[in-house]
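For reference, the structure discussed in these notes is given below.
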């Protein structure tokens with residue numbers, strides 16, 4: 001039975017290493033900052049996930065010790081990866097992206113980065129709209 | 001009375017479980033401390049979430065999580081394939097506008113996070129009026145198809161959960 005677990009753990013580690021490598025290679029290979037963002041947010045997730053699952057199986061099978069720490073790491077990655085990607089994308093949109101290449105949002109507004117004083121909470125939007133009305137008068 | 005001391009029972013439970021997992025010791029000691037944190041933190045942070053949505057559709061949440069995990073695995077393989085096998089000049093990156101039917105900020109946040117974690121798409125920006133998301137696709141020969149898939153696969157399910 002030990003052999004089975006060892007093979008399983010090794011396979012997961014190899015998969016994890018492979019996806020980590022692909023994620024890093026993507027950073028070098030892809031042509032511009034926006035496409036480069038795709039490689040670490042995705043390929044790396046499965047890479048880290050596979051390593052964490054391997055760790056859980058290792059401790060459960062060889063140390064008779066149920067560790068669920070790893071679930072927490074996964075949870076925190078899922079929470080933080082999209083947020084940091086979002087910030088990087090926003091910064092990049094302001095610095096490098098040609099606005100004419102972007103698609104427009106529905107309705108009259110523009111994307112929040114290009115709108116000063118933008119906030120999506122309803123009351124503050126009303127306040128901004130009122131302030132603009134006052135200025136127009 | 002109960003509402004005063006337990007303003008957010010789900011958060012209390014979640015914090016206790018997270019504490020137990022972080023401490024990695026399943027003893028009365030850490031359970032008591034976890035519960036203590038689970039009681040104090042929601043009470044202190046209550047002013048910051050004045051009108052949080054009420055979620056009742058628990059099977060919907062479980063279904064959503066399962067679908068997202070499956071899609072994350074698929075998306076990892078898809079992105080790895082694109083990185084390794086599609087030459088840069090054949091790559092078709094595209095910007096897509098996804099009009100939103102969701103209104104709760106919490107639901108939009110979950111949708112944006114999901115889009116970032118799933119096949120070849122990344123949420124770049126929210127419209128100033130909060131009614132559209134700007135999504136960047138790594139390789140999308142058919143941008144409209146991407147938009148329809150996001151709306152059909154994730155947004156419809158989130159709508160069932162949050163509304």
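FYI, it's all coordinate maths here, none of it is from the lab. Fair warning: this is a prediction, and the values are worked out from it, not measured in the lab. In this analysis, Cβ positions are derived from the backbone assuming ideal geometry, glycine residues included, and neighbour counts consider all displayed protein chains.
Side notes on the structure shown:
- Label reach from residue A:103 (point 7 Å along Cα→C-beta): in the stretch B:55-92, amide nitrogens under 17 Å belong to B:92.
- Among B:56-64, B:89-97, the order from most to least packed when residues are scored by Cβ within 10 Å on average: B:89-97, B:56-64
- Against chain B, whose longest principal axis comes from its Cα atoms, helix B:9-23 is set at around 90 degrees.
- Value of Rg to Rh for chain B (Rh from inverse mean 1/r over Cα pairs, i.e. Kirkwood): 1.07
- Distance between the 7 Å Cα→Cβ label points at residue A:63 and residue B:40: 2.9 nm.
- The calculated FRET efficiency for residue A:134 paired with residue B:104, based on their beta-carbon distance and R0 = 35 Å, is about 0.70.
- Shape class of the protein assembly as shown from the alpha-carbon gyration tensor: oblate, with a/c at 1.5 or above and b/c at least as large as a/b.
- Within 10 Å of each Cβ in B:137-145, the average number of Cβ atoms from other chains: 2
- Inter-probe distance in nm under a simple model that places probes 7 Å from Cα toward Cβ, at residue A:27 and residue B:56: 4.7 nm
- Helix content alone sets the calculated 222 nm mean residue ellipticity of chain B: runs of n ≥ 4 DSSP H residues at -39500 (n - 2.57) each, divided across all residues, give -18000 deg cm²/dmol.
- Relative contact order, whole percent, for chain B stands at 23, derived from Cα pairs under 8 Å and 6 or more residues apart.
- If you plug the beta carbon distance of residue A:14 and residue B:91 into 1/(1 + (r/R0)^6) with R0 = 30 Å, you get a FRET efficiency near 0.65.
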